1. Got a sec? Charge dipole of the chain, +1 on Cβ for Lys and Arg, -1 for Asp and Glu; which of Q264, S209, F128 is way out at the positive end?
2. For I93, list long-range residues whose amide hydrogen, built 1.01 Å from N in the peptide plane, is under 5 Å from its own amide hydrogen.
3. What per residue convex hull volume, in Å³, comes out for the stretch 1-117 when only alpha-carbon positions are used?
4. Using a probe of 1.4 angstrom, how much of the accessible area of the chain is carbon and sulfur, in percent?
5. Tell me the relative contact order for the chain as a rounded percent, counting alpha carbon contacts under 8 Å between residues six or more apart.
6. At 7 Å along the Cα-to-beta-carbon direction for both D136 and D238, put a label point, then send me their distance in nm to one decimal.
7. For the stretch 76-150, go through all pairs of different Cα atoms, get the mean of 1/r, take its inverse, and jot down that Kirkwood value in Å.
8. Rounding to the nearest 20 debye, state how big the charge dipole of the chain is about its Cα centre with +1 on each Lys and Arg Cβ and -1 on each Asp and Glu Cβ.
Amino acid sequence: MQLHKARRKNVKVKIGIQGPSGSGKTKSALLLAFGLTADWSKIAVIDTENRSSELYCNLGSFSILPLYSPFTPERFSEAIQTCAKAGMQVVIIDSISPEWQNILQEHSKLTGNSYTNWSKFTPRHQIFVDTLIQSDIHIICTLRSKQAYVLNEKNGKQVPEKVGMKPIQREDLDYELTLVLQLSMGHYATAIKDRTEIFADKPAFTITSETGFLIRKWCEPDDAIEDLIISQIEGCADIPSLKTIFENHPLYQNSLRHKFNLRQQEIQSAHGNTNN
């Protein structure tokens, strides 16, 4: 056993995008994926929706791996591994709801004690989850939501609007994900879980490739970020600019305080010599 300083290094995010049919899950996932990698050839879609992702082939030349029934956990795991071995950097699973629906259907066919019967399925589902979480690639999962309708007033009339409710998957899956976004029928996203803290407590927004780029920057190693800040410090020519750099990076103020102080002394010394 050995202690080491906690650092974020080459994080591979696992993202969930959930919402009702028509809320824009597939297109949002593709735009997010492009922001993460900036290379359509490194994006693959595991498509369980009758190749519906191909409707968005105008966005870029991504790859598709069609997956058909039976939607067993083992087939999902194999599909993820296939994409990883092919060198894909981002894999979209559109969607993972059929995996859980398949398990529920198989479980309902068994006779005997319902609770005991779950011992036959829980380990299989967990293998799929482990493959999802432990794969050294970015993975974006879309999840269907059970649908309901609410009445909203538009132009003085009560108009029914479809809203997403509980996602169709095992309840604890969101604990395993880095980020979970809920889409409305207006295609606006709200973060309902956010370990990146990029979108937490922020108003609803439209997912674009820029959204993926922001997540990509968060995933970069701490060392790379520190190197960037150090280059900014060393290139700084005046105290107000140096102060701005310091205030913009609160997480690195302690570790780079020596660099800031040293550059401050150099700037003050240079200005002093100029004045003399």
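1. In the chain, that residue is F128.
2. HN-HN under 5 Å from I93: I46, I140, C141, T142.
3. About 175 Å³ per residue, rounded to a whole number.
4. 52
5. Relative contact order of the chain: 26 percent.
6. 4.7
7. 14.1
8. Its charge dipole is roughly 480 debye.
The values are calculated or read from the model by the stated rules, or taken from the named source; none is laboratory data. Predicted model only: the values in this text are computed from it and were never measured. Please note: Cβ atoms are built from the backbone with ideal geometry, for glycine as well, and neighbour counts cover all protein chains shown. Surface areas here come from the heavy atoms of the whole protein model, side chains and all, with no ligands, DNA or RNA. Shrake-Rupley method; radii C 1.70, N 1.55, O 1.52, S 1.80 Å.
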